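Structure record follows, encoded as C-alpha coordinates.
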Amino acid sequence: MSDFRDHIATADQEGRRQWLYPRKVRGRFFRARTLLSWLLLAVMFVGPFIRINGNPLLLVNVVERKFVILGQIFWPQDMIMFAVALLVFITGIIIFTAAYGRLWCGWTCPQTVLMEMVFRKLEYLIEGDSHQQRALDKAPWTGGKVLKKAGKHAIFFGLSFIIGNTLLAYIIGTEQLFQIVTDDPAKHVQGLTAMILFTLVFYAIFARFREQACTFICPYGRLQSTLLDENTIVVAYDYKRGEQRGPLRRGQSFELRRAAGSGDCIACRQCVTVCPTGIDIRNGTQMECVHCTACIDACDDVMDRIGRPRGLIRYASLNGIERGERLKVTPRLVGYTVVLFALAVLFVFLLFTRSDVQTTILRAQGALFQKMPDGRYSNLYTVRVVNKTSREIPIELKLENSTGSLQVMGQPIVVPPQKSAETSVLIELDPAAMKPGATPILVGVYSQGRRLETRKTGFIGPRDDTRP
Ligand code: SF4
Ligand code: SF4
(Lines give C-alpha, C1' and ligand atoms only; values in the text may rest on other atoms or scores of the structure.)
(Ligands and ions follow the chains in the order given, each with its own letter.)
Protein backbone atom coordinates (compact mmCIF):
# COMPACT_ATOMS: atom_id res chain seq x y z
CA MET A 1 0.00 0.00 0.00
CA SER A 2 1.73 3.18 -1.16
CA ASP A 3 -0.43 5.49 0.96
CA PHE A 4 0.15 3.59 4.18
CA ARG A 5 0.99 6.78 6.06
CA ASP A 6 -2.30 8.43 5.08
CA HIS A 7 -4.70 5.93 6.57
CA ILE A 8 -4.48 2.81 8.66
CA ALA A 9 -4.33 -0.64 7.12
CA THR A 10 -7.69 -1.70 8.49
CA ALA A 11 -9.68 1.15 6.94
CA ASP A 12 -10.48 1.84 3.29
CA GLN A 13 -10.39 5.26 1.59
CA GLU A 14 -13.80 6.10 3.05
CA GLY A 15 -12.71 5.05 6.54
CA ARG A 16 -14.77 1.85 6.57
CA ARG A 17 -13.38 -1.04 8.57
CA GLN A 18 -11.52 -3.67 6.57
CA TRP A 19 -11.92 -6.96 8.41
CA LEU A 20 -8.63 -8.82 8.74
CA TYR A 21 -8.12 -12.51 8.15
CA PRO A 22 -4.54 -13.13 9.29
CA ARG A 23 -3.17 -16.42 8.10
CA LYS A 24 -2.08 -19.11 10.56
CA VAL A 25 1.55 -18.72 11.49
CA ARG A 26 4.16 -21.35 12.29
CA GLY A 27 7.77 -20.93 13.30
CA ARG A 28 10.25 -20.73 16.14
CA PHE A 29 9.00 -17.40 17.52
CA PHE A 30 5.41 -18.59 17.43
CA ARG A 31 6.38 -21.76 19.30
CA ALA A 32 8.22 -19.72 21.95
CA ARG A 33 5.28 -17.32 22.27
CA THR A 34 2.88 -20.25 22.62
CA LEU A 35 4.92 -21.74 25.47
CA LEU A 36 5.15 -18.38 27.22
CA SER A 37 1.43 -17.80 26.73
CA TRP A 38 0.59 -21.03 28.59
CA LEU A 39 2.58 -19.79 31.56
CA LEU A 40 1.06 -16.31 31.40
CA LEU A 41 -2.49 -17.61 31.03
CA ALA A 42 -1.97 -19.91 33.99
CA VAL A 43 -0.69 -17.00 36.11
CA MET A 44 -3.51 -14.74 34.90
CA PHE A 45 -6.32 -17.15 35.78
CA VAL A 46 -4.79 -18.67 38.93
CA GLY A 47 -3.51 -15.26 40.16
CA PRO A 48 -6.65 -14.22 42.08
CA PHE A 49 -6.46 -17.46 44.13
CA ILE A 50 -2.79 -17.08 45.11
CA ARG A 51 -2.28 -15.84 48.65
CA ILE A 52 0.87 -14.40 50.24
CA ASN A 53 0.64 -14.14 54.03
CA GLY A 54 -3.12 -14.51 53.63
CA ASN A 55 -3.32 -11.59 51.18
CA PRO A 56 -4.00 -11.81 47.43
CA LEU A 57 -1.09 -11.65 45.02
CA LEU A 58 -2.69 -8.61 43.38
CA LEU A 59 -5.79 -6.64 44.28
CA VAL A 60 -6.69 -3.31 42.72
CA ASN A 61 -9.89 -2.36 44.51
CA VAL A 62 -10.33 1.18 43.22
CA VAL A 63 -13.85 1.36 44.67
CA GLU A 64 -12.74 0.82 48.28
CA ARG A 65 -9.25 2.27 47.62
CA LYS A 66 -7.59 -0.93 48.70
CA PHE A 67 -4.50 -2.11 46.86
CA VAL A 68 -2.45 -5.26 47.35
CA ILE A 69 0.74 -5.90 45.39
CA LEU A 70 2.68 -9.14 45.91
CA GLY A 71 0.70 -9.72 49.10
CA GLN A 72 1.59 -6.28 50.53
CA ILE A 73 -1.43 -4.15 51.40
CA PHE A 74 -1.25 -0.47 50.44
CA TRP A 75 -3.23 1.97 52.54
CA PRO A 76 -4.10 5.57 51.72
CA GLN A 77 -1.21 6.39 54.13
CA ASP A 78 1.13 4.56 51.74
CA MET A 79 0.27 6.85 48.87
CA ILE A 80 3.71 8.51 48.87
CA MET A 81 5.35 5.14 48.60
CA PHE A 82 2.77 4.10 46.06
CA ALA A 83 3.60 7.22 44.04
CA VAL A 84 7.33 6.35 44.23
CA ALA A 85 6.55 2.82 43.08
CA LEU A 86 4.45 4.24 40.25
CA LEU A 87 7.32 6.53 39.21
CA VAL A 88 9.69 3.57 39.26
CA PHE A 89 7.18 1.63 37.15
CA ILE A 90 6.69 4.42 34.60
CA THR A 91 10.43 5.09 34.34
CA GLY A 92 10.92 1.35 33.93
CA ILE A 93 8.39 1.25 31.07
CA ILE A 94 10.07 4.19 29.31
CA ILE A 95 13.54 2.69 29.61
CA PHE A 96 12.32 -0.78 28.67
CA THR A 97 10.53 0.54 25.58
CA ALA A 98 13.48 2.71 24.52
CA ALA A 99 15.74 -0.35 24.71
CA TYR A 100 13.52 -3.25 23.66
CA GLY A 101 10.64 -1.63 21.76
CA ARG A 102 7.25 -3.30 22.02
CA LEU A 103 8.50 -6.59 23.37
CA TRP A 104 5.76 -6.32 26.00
CA CYS A 105 3.01 -5.94 23.36
CA GLY A 106 4.02 -8.93 21.29
CA TRP A 107 4.92 -11.38 24.00
CA THR A 108 3.17 -10.60 27.26
CA CYS A 109 0.33 -8.10 26.86
CA PRO A 110 -2.92 -9.84 27.96
CA GLN A 111 -4.71 -8.43 24.89
CA THR A 112 -2.21 -10.05 22.48
CA VAL A 113 -1.89 -13.27 24.47
CA LEU A 114 -5.66 -13.77 24.71
CA MET A 115 -6.38 -12.64 21.15
CA GLU A 116 -3.65 -14.54 19.35
CA MET A 117 -3.21 -17.55 21.60
CA VAL A 118 -6.82 -18.20 22.66
CA PHE A 119 -9.48 -16.50 20.53
CA ARG A 120 -7.62 -16.63 17.21
CA LYS A 121 -6.71 -20.31 17.69
CA LEU A 122 -10.33 -21.15 18.48
CA GLU A 123 -11.40 -19.26 15.37
CA TYR A 124 -8.97 -21.28 13.24
CA LEU A 125 -10.34 -24.43 14.86
CA ILE A 126 -13.96 -23.57 14.09
CA GLU A 127 -13.78 -21.61 10.83
CA GLY A 128 -10.44 -22.74 9.40
CA ASP A 129 -7.48 -20.73 8.13
CA SER A 130 -7.73 -17.26 6.65
CA HIS A 131 -8.96 -18.26 3.16
CA GLN A 132 -11.65 -20.53 4.68
CA GLN A 133 -12.79 -17.71 6.95
CA ARG A 134 -13.03 -15.35 3.99
CA ALA A 135 -15.03 -17.90 2.03
CA LEU A 136 -17.33 -18.55 4.98
CA ASP A 137 -18.04 -14.85 5.42
CA LYS A 138 -18.87 -14.48 1.74
CA ALA A 139 -21.00 -17.64 1.62
CA PRO A 140 -24.80 -17.46 1.95
CA TRP A 141 -26.31 -18.22 5.34
CA THR A 142 -26.75 -21.98 5.52
CA GLY A 143 -27.36 -24.24 8.51
CA GLY A 144 -23.65 -25.05 8.63
CA LYS A 145 -22.62 -21.40 8.60
CA VAL A 146 -25.14 -20.50 11.32
CA LEU A 147 -23.87 -23.38 13.42
CA LYS A 148 -20.23 -22.34 13.03
CA LYS A 149 -20.86 -18.66 13.68
CA ALA A 150 -23.23 -19.27 16.60
CA GLY A 151 -20.87 -21.85 18.11
CA LYS A 152 -17.88 -19.52 17.79
CA HIS A 153 -19.66 -16.56 19.33
CA ALA A 154 -21.12 -18.67 22.13
CA ILE A 155 -17.61 -19.88 23.00
CA PHE A 156 -16.23 -16.33 22.71
CA PHE A 157 -18.98 -15.08 25.02
CA GLY A 158 -18.32 -17.85 27.55
CA LEU A 159 -14.60 -17.10 27.52
CA SER A 160 -15.28 -13.37 27.87
CA PHE A 161 -17.41 -14.19 30.92
CA ILE A 162 -14.49 -16.10 32.48
CA ILE A 163 -12.04 -13.28 31.64
CA GLY A 164 -14.46 -10.65 32.97
CA ASN A 165 -14.86 -12.59 36.22
CA THR A 166 -11.10 -12.97 36.52
CA LEU A 167 -10.67 -9.22 36.18
CA LEU A 168 -13.42 -8.69 38.75
CA ALA A 169 -11.59 -11.06 41.10
CA TYR A 170 -8.48 -8.86 40.77
CA ILE A 171 -10.61 -5.86 41.71
CA ILE A 172 -12.83 -7.11 44.53
CA GLY A 173 -11.12 -10.37 45.52
CA THR A 174 -12.25 -13.97 45.10
CA GLU A 175 -14.22 -14.04 48.36
CA GLN A 176 -16.49 -11.18 47.30
CA LEU A 177 -16.80 -12.62 43.80
CA PHE A 178 -17.98 -15.98 45.15
CA GLN A 179 -20.43 -14.15 47.37
CA ILE A 180 -21.87 -12.35 44.34
CA VAL A 181 -22.18 -15.65 42.47
CA THR A 182 -23.71 -17.67 45.31
CA ASP A 183 -25.74 -15.07 47.20
CA ASP A 184 -29.17 -13.59 46.49
CA PRO A 185 -28.70 -11.56 43.25
CA ALA A 186 -30.83 -8.71 44.65
CA LYS A 187 -28.08 -8.03 47.22
CA HIS A 188 -25.35 -7.68 44.60
CA VAL A 189 -26.83 -5.56 41.83
CA GLN A 190 -23.61 -3.53 41.46
CA GLY A 191 -21.39 -6.60 41.36
CA LEU A 192 -23.62 -8.37 38.84
CA THR A 193 -23.77 -5.26 36.68
CA ALA A 194 -19.96 -5.09 36.67
CA MET A 195 -19.82 -8.78 35.79
CA ILE A 196 -22.12 -8.30 32.78
CA LEU A 197 -20.35 -5.11 31.67
CA PHE A 198 -16.90 -6.71 31.82
CA THR A 199 -18.16 -9.72 29.89
CA LEU A 200 -19.67 -7.52 27.17
CA VAL A 201 -16.53 -5.36 26.94
CA PHE A 202 -14.24 -8.39 26.57
CA TYR A 203 -16.60 -10.01 24.09
CA ALA A 204 -16.64 -6.80 22.03
CA ILE A 205 -12.83 -6.55 22.17
CA PHE A 206 -12.08 -10.12 21.14
CA ALA A 207 -14.98 -10.68 18.75
CA ARG A 208 -15.06 -7.26 17.04
CA PHE A 209 -12.47 -4.62 18.00
CA ARG A 210 -9.42 -6.93 17.98
CA GLU A 211 -6.41 -5.04 16.58
CA GLN A 212 -8.31 -1.76 17.00
CA ALA A 213 -7.86 -2.10 20.77
CA CYS A 214 -4.09 -1.78 20.18
CA THR A 215 -4.32 0.87 17.46
CA PHE A 216 -7.02 3.19 18.82
CA ILE A 217 -7.48 2.46 22.51
CA CYS A 218 -4.16 1.44 24.08
CA PRO A 219 -2.19 4.54 25.16
CA TYR A 220 1.07 2.58 25.30
CA GLY A 221 0.90 1.88 21.56
CA ARG A 222 0.36 5.54 20.80
CA LEU A 223 3.34 6.53 22.93
CA GLN A 224 5.72 4.41 20.87
CA SER A 225 6.67 7.14 18.44
CA THR A 226 8.02 9.23 21.30
CA LEU A 227 9.79 6.34 23.04
CA LEU A 228 11.53 4.58 20.16
CA ASP A 229 14.74 5.77 18.55
CA GLU A 230 17.12 4.42 15.93
CA ASN A 231 18.86 2.20 18.49
CA THR A 232 15.69 0.57 19.82
CA ILE A 233 15.24 -3.11 19.06
CA VAL A 234 12.20 -3.50 16.85
CA VAL A 235 10.78 -6.01 14.40
CA ALA A 236 12.37 -4.64 11.25
CA TYR A 237 12.62 -5.43 7.58
CA ASP A 238 16.20 -5.39 6.28
CA TYR A 239 15.53 -3.14 3.32
CA LYS A 240 19.22 -3.12 2.39
CA ARG A 241 19.11 -6.84 1.84
CA GLY A 242 15.53 -7.05 0.62
CA GLU A 243 15.29 -4.26 -1.99
CA GLN A 244 14.66 -4.09 -4.89
CA ARG A 245 11.91 -6.51 -4.18
CA GLY A 246 10.39 -8.53 -6.98
CA PRO A 247 8.99 -11.98 -7.69
CA LEU A 248 11.40 -14.86 -7.99
CA ARG A 249 11.23 -16.34 -11.44
CA ARG A 250 11.52 -20.07 -11.92
CA GLY A 251 15.13 -21.12 -12.23
CA GLN A 252 16.43 -17.63 -11.43
CA SER A 253 19.52 -17.73 -9.22
CA PHE A 254 20.13 -15.12 -6.55
CA GLU A 255 23.40 -14.20 -8.19
CA LEU A 256 21.43 -13.26 -11.30
CA ARG A 257 18.89 -11.39 -9.19
CA ARG A 258 21.66 -9.44 -7.47
CA ALA A 259 23.24 -8.66 -10.81
CA ALA A 260 19.86 -7.34 -11.99
CA GLY A 261 19.65 -5.11 -8.88
CA SER A 262 17.08 -7.25 -7.06
CA GLY A 263 17.22 -8.09 -3.39
CA ASP A 264 16.15 -11.07 -1.29
CA CYS A 265 12.49 -10.02 -0.93
CA ILE A 266 10.51 -12.00 -3.45
CA ALA A 267 7.38 -9.91 -2.91
CA CYS A 268 5.39 -12.94 -1.81
CA ARG A 269 3.51 -10.89 0.83
CA GLN A 270 3.56 -13.80 3.27
CA CYS A 271 4.68 -11.33 5.97
CA VAL A 272 1.59 -9.22 5.27
CA THR A 273 -0.90 -12.08 5.21
CA VAL A 274 0.04 -13.23 8.73
CA CYS A 275 0.02 -9.78 10.29
CA PRO A 276 -2.78 -9.45 12.86
CA THR A 277 -2.80 -5.66 12.40
CA GLY A 278 -2.81 -5.84 8.61
CA ILE A 279 0.33 -3.81 7.98
CA ASP A 280 3.27 -4.32 5.66
CA ILE A 281 6.42 -4.27 7.78
CA ARG A 282 8.44 -3.54 4.66
CA ASN A 283 7.12 0.04 4.90
CA GLY A 284 9.14 0.47 8.09
CA THR A 285 8.30 0.69 11.80
CA GLN A 286 4.65 1.65 12.20
CA MET A 287 2.43 2.50 15.11
CA GLU A 288 0.16 -0.49 14.43
CA CYS A 289 2.98 -3.03 14.71
CA VAL A 290 2.61 -4.90 18.01
CA HIS A 291 5.88 -6.78 17.47
CA CYS A 292 4.13 -10.13 17.46
CA THR A 293 6.94 -11.69 15.33
CA ALA A 294 4.44 -13.40 12.99
CA CYS A 295 6.06 -11.71 9.97
CA ILE A 296 9.52 -12.90 11.10
CA ASP A 297 8.31 -16.50 11.18
CA ALA A 298 6.51 -16.16 7.85
CA CYS A 299 9.51 -14.62 6.11
CA ASP A 300 11.99 -17.08 7.67
CA ASP A 301 9.85 -19.87 6.26
CA VAL A 302 10.01 -18.26 2.80
CA MET A 303 13.78 -17.80 3.08
CA ASP A 304 14.17 -21.47 4.06
CA ARG A 305 12.19 -22.52 1.03
CA ILE A 306 14.14 -20.37 -1.45
CA GLY A 307 17.49 -21.20 0.13
CA ARG A 308 18.35 -17.75 1.47
CA PRO A 309 19.52 -16.97 5.01
CA ARG A 310 16.81 -16.28 7.58
CA GLY A 311 16.41 -12.83 9.09
CA LEU A 312 15.24 -10.65 6.21
CA ILE A 313 12.68 -9.56 8.79
CA ARG A 314 14.20 -9.79 12.25
CA TYR A 315 14.68 -8.16 15.62
CA ALA A 316 17.12 -5.33 14.95
CA SER A 317 17.67 -1.65 15.56
CA LEU A 318 17.34 0.72 12.64
CA ASN A 319 21.04 1.58 13.04
CA GLY A 320 21.80 -2.15 12.99
CA ILE A 321 19.90 -2.51 9.70
CA GLU A 322 21.75 0.50 8.27
CA ARG A 323 25.08 -1.07 9.12
CA GLY A 324 23.95 -4.54 8.08
CA GLU A 325 24.58 -5.96 11.58
CA ARG A 326 22.84 -8.85 13.33
CA LEU A 327 21.35 -8.11 16.71
CA LYS A 328 24.08 -7.68 19.30
CA VAL A 329 24.32 -6.67 22.93
CA THR A 330 25.45 -3.05 22.91
CA PRO A 331 26.74 -1.09 25.96
CA ARG A 332 23.53 0.99 25.71
CA LEU A 333 21.43 -2.14 26.04
CA VAL A 334 23.49 -3.34 29.00
CA GLY A 335 23.19 0.09 30.64
CA TYR A 336 19.43 0.22 30.22
CA THR A 337 19.07 -3.34 31.48
CA VAL A 338 21.13 -2.54 34.59
CA VAL A 339 18.98 0.55 35.30
CA LEU A 340 15.82 -1.52 34.79
CA PHE A 341 17.09 -4.19 37.15
CA ALA A 342 18.03 -1.57 39.74
CA LEU A 343 14.54 -0.05 39.49
CA ALA A 344 12.94 -3.46 39.95
CA VAL A 345 15.13 -4.10 43.01
CA LEU A 346 14.23 -0.66 44.40
CA PHE A 347 10.53 -1.41 43.95
CA VAL A 348 10.78 -4.79 45.70
CA PHE A 349 12.91 -3.20 48.44
CA LEU A 350 10.31 -0.47 49.00
CA LEU A 351 7.57 -3.06 49.01
CA PHE A 352 9.08 -5.38 51.56
CA THR A 353 10.72 -2.86 53.90
CA ARG A 354 7.52 -1.01 54.68
CA SER A 355 6.48 -1.05 58.28
CA ASP A 356 3.55 -3.35 59.13
CA VAL A 357 1.88 -0.44 60.88
CA GLN A 358 1.42 3.27 60.36
CA THR A 359 1.30 5.28 63.56
CA THR A 360 0.18 8.87 64.02
CA ILE A 361 0.80 10.64 67.33
CA LEU A 362 -0.87 14.00 67.85
CA ARG A 363 -1.23 16.04 71.01
CA ALA A 364 -4.84 15.82 72.25
CA GLN A 365 -6.84 18.74 70.92
CA GLY A 366 -7.13 21.67 73.29
CA ALA A 367 -5.01 20.00 76.02
CA LEU A 368 -2.11 21.92 77.52
CA PHE A 369 0.70 20.53 79.64
CA GLN A 370 0.06 19.73 83.28
CA LYS A 371 2.37 19.80 86.25
CA MET A 372 2.15 16.59 88.28
CA PRO A 373 2.44 16.43 92.11
CA ASP A 374 5.91 14.82 91.78
CA GLY A 375 7.17 17.83 89.81
CA ARG A 376 7.08 16.17 86.40
CA TYR A 377 5.15 17.58 83.44
CA SER A 378 2.58 15.64 81.40
CA ASN A 379 1.12 15.90 77.88
CA LEU A 380 -1.89 14.01 76.58
CA TYR A 381 -1.73 12.52 73.06
CA THR A 382 -4.07 10.76 70.67
CA VAL A 383 -2.39 7.77 69.03
CA ARG A 384 -3.79 6.06 65.94
CA VAL A 385 -2.24 2.85 64.67
CA VAL A 386 -3.15 1.41 61.26
CA ASN A 387 -2.53 -2.31 60.81
CA LYS A 388 -1.53 -2.93 57.19
CA THR A 389 -1.35 -6.69 57.55
CA SER A 390 -3.99 -9.39 57.62
CA ARG A 391 -3.08 -10.50 61.17
CA GLU A 392 -3.88 -8.98 64.56
CA ILE A 393 -1.03 -6.88 65.97
CA PRO A 394 -0.62 -6.13 69.71
CA ILE A 395 1.15 -2.80 70.15
CA GLU A 396 3.41 -1.45 72.91
CA LEU A 397 4.62 2.14 72.94
CA LYS A 398 7.90 3.23 74.54
CA LEU A 399 9.52 6.58 75.13
CA GLU A 400 12.83 6.32 73.29
CA ASN A 401 14.96 9.39 73.96
CA SER A 402 13.78 11.08 77.14
CA THR A 403 13.66 10.42 80.83
CA GLY A 404 10.03 10.00 81.63
CA SER A 405 7.16 7.62 81.29
CA LEU A 406 4.51 6.70 78.77
CA GLN A 407 1.15 5.33 79.79
CA VAL A 408 -1.56 4.00 77.51
CA MET A 409 -4.95 5.03 78.86
CA GLY A 410 -7.50 2.22 78.97
CA GLN A 411 -7.02 -1.20 77.33
CA PRO A 412 -3.70 -2.29 75.79
CA ILE A 413 -3.61 -1.54 72.07
CA VAL A 414 -4.45 -4.51 69.84
CA VAL A 415 -5.06 -3.59 66.20
CA PRO A 416 -7.33 -5.94 64.21
CA PRO A 417 -6.16 -7.00 60.73
CA GLN A 418 -6.44 -4.28 58.08
CA LYS A 419 -8.06 -1.95 60.60
CA SER A 420 -6.91 0.89 62.80
CA ALA A 421 -7.07 1.48 66.56
CA GLU A 422 -7.08 4.79 68.41
CA THR A 423 -6.23 5.46 72.03
CA SER A 424 -5.07 8.19 74.40
CA VAL A 425 -1.55 8.19 75.78
CA LEU A 426 -0.14 10.17 78.68
CA ILE A 427 3.55 11.06 78.54
CA GLU A 428 5.35 12.48 81.56
CA LEU A 429 8.82 14.03 81.43
CA ASP A 430 11.27 15.07 84.13
CA PRO A 431 11.81 18.84 84.05
CA ALA A 432 15.54 18.15 83.62
CA ALA A 433 14.88 16.37 80.31
CA MET A 434 12.77 19.22 78.97
CA LYS A 435 13.73 22.18 76.84
CA PRO A 436 12.02 25.54 77.23
CA GLY A 437 8.76 25.56 75.28
CA ALA A 438 8.71 22.41 73.17
CA THR A 439 10.84 19.27 73.57
CA PRO A 440 11.14 16.86 70.64
CA ILE A 441 10.52 13.28 71.74
CA LEU A 442 10.66 9.90 70.04
CA VAL A 443 8.07 7.18 70.60
CA GLY A 444 8.94 3.62 69.65
CA VAL A 445 6.12 1.43 68.33
CA TYR A 446 6.74 -2.22 69.30
CA SER A 447 4.98 -5.51 68.84
CA GLN A 448 6.05 -8.53 70.89
CA GLY A 449 9.39 -6.90 71.62
CA ARG A 450 10.15 -6.02 67.98
CA ARG A 451 10.35 -2.36 67.08
CA LEU A 452 8.11 -1.67 64.08
CA GLU A 453 8.76 2.03 63.73
CA THR A 454 9.68 5.21 65.60
CA ARG A 455 7.58 8.36 65.60
CA LYS A 456 8.65 11.88 66.40
CA THR A 457 6.39 14.30 68.26
CA GLY A 458 6.64 17.39 70.44
CA PHE A 459 6.23 17.69 74.21
CA ILE A 460 4.96 21.06 75.39
CA GLY A 461 6.18 22.52 78.67
CA PRO A 462 6.49 25.93 80.30
CA ARG A 463 8.90 28.48 78.89
CA ASP A 464 12.06 29.19 80.87
CA ASP A 465 10.69 32.20 82.66
CA THR A 466 7.64 30.36 83.96
CA ARG A 467 9.49 27.21 85.10
CA PRO A 468 9.89 26.78 88.82
S1 SF4 B 1 7.70 -12.64 3.51
FE2 SF4 B 1 9.80 -11.93 3.20
S3 SF4 B 1 10.14 -12.30 1.05
FE4 SF4 B 1 7.96 -12.37 1.29
S5 SF4 B 1 7.25 -10.28 0.95
FE6 SF4 B 1 7.61 -10.44 3.11
S7 SF4 B 1 9.70 -9.71 3.38
FE8 SF4 B 1 9.47 -10.20 1.19
S1 SF4 C 1 4.35 -6.17 11.28
FE2 SF4 C 1 5.02 -8.19 11.97
S3 SF4 C 1 5.48 -7.94 14.13
FE4 SF4 C 1 4.30 -6.16 13.50
S5 SF4 C 1 2.22 -6.71 14.03
FE6 SF4 C 1 2.50 -7.27 11.89
S7 SF4 C 1 3.17 -9.41 11.95
FE8 SF4 C 1 3.35 -8.62 14.01
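Observations on the model:
- Average projection area in nm² (convex hull over Cα atoms of the stretch 332-428, one quarter of hull surface): 9.6 nm²
- Overall form of the stretch 226-276 per C-alpha gyration tensor (a/c, 1.5; a/b vs b/c): oblate
- Leu39 - accessible surface, heavy atoms, 1.4 Å probe, Å² rounded to 10: 110 Å²
- One quarter of the convex hull surface built on the alpha carbon atoms of the stretch 171-259 amounts to 12.0 nm², the projected area averaged over directions.
- Calculated mean residue ellipticity at 222 nm for the chain: -12500 deg cm²/dmol, from DSSP H runs with n ≥ 4 weighted as -39500 (n - 2.57), summed, divided by the residue count and rounded to 500.
- In this simple spin-label approximation, Leu35 and Arg241 carry label points 7 Å from Cα along the Cα→Cβ vector, and these lie 2.4 nm apart.
- Compactness of the stretch 111-213 - radius of gyration and Dmax, Cα, Å: 16.3, 49
- Percent accessible area from carbon and sulfur atoms, the chain, protein chains only, probe 1.4 Å: 62 percent
- For the chain, the Kirkwood radius over C-alpha pairs fed into Stokes-Einstein at 10 °C and 1.306 mPa s yields D = 58 µm² per second.
- Three-way shape call for the stretch 1-121 based on the alpha-carbon gyration tensor, with the a/c threshold at 1.5: prolate
- Mean separation of Cα contacts under 8 Å, 6 or more apart, over the residue count of the stretch 330-451: relative contact order %: 25 percent
- When only alpha carbons are used to place a centre, the stretch 352-398 and the stretch 89-154 end up 57 Å from one another.
- With a cut-off of 13 Å between beta carbons, the residues surrounding Ser355 carry a summed charge of +2, where Lys and Arg count +1 and Asp and Glu -1.
- Extension gain, Phe254-Val329: 0.36 nm per intervening residue step, less the Cα-Cα distance, totals 23.9 nm.
- Rolling a 1.4 Å probe across all protein chains gives Ser420 an accessible area of roughly 50 Å².
- Taking the Cα atoms of the stretch 404-468, the ratio Rg/Rh between the radius of gyration and the Kirkwood radius comes to 1.06.
- Candidate cross-link partners of Lys371 among the aspartates and glutamates, defined by an alpha-carbon separation under 18 Å and a same-chain spacing of 8 or more, comprise Glu428, Asp430, Asp464, Asp465.
- Listed by chain and number, the lysines whose alpha-carbon sits under 24 Å from that of Lys149, ignoring those within fewer than 8 places in the same chain, are Lys24, Lys121, Lys138.
- Extension reserve of the Arg28-Thr193 stretch, reckoned as 0.36 nm per residue once the Cα distance is removed: 55.1 nm
- Sequence-distant lysines (8 or more away, or on other chains) whose Cα lies within less than 19 Å of Lys419: Lys66, Lys388
- Computing FRET efficiency as 1/(1 + (r/R0)^6) for Val181 and Phe89, where r is the C-beta to C-beta distance and R0 is 30 Å, gives about 0.40.
- Surface accessible to a 1.4 Å probe, per residue, for the residues of the chain, Å²: 53 Å²
The values are calculated or read from the model by the stated rules, or taken from the named source; none is laboratory data. Since the model is a prediction, treat every value here as computed from it, not as a measurement. Virtual Cβ from ideal backbone geometry, glycine too; neighbours counted across all protein chains shown. Just so you know, the surface numbers come from the protein's heavy atoms only, side chains and all, with ligands and any DNA or RNA stripped out. Shrake-Rupley method; radii C 1.70, N 1.55, O 1.52, S 1.80 Å.
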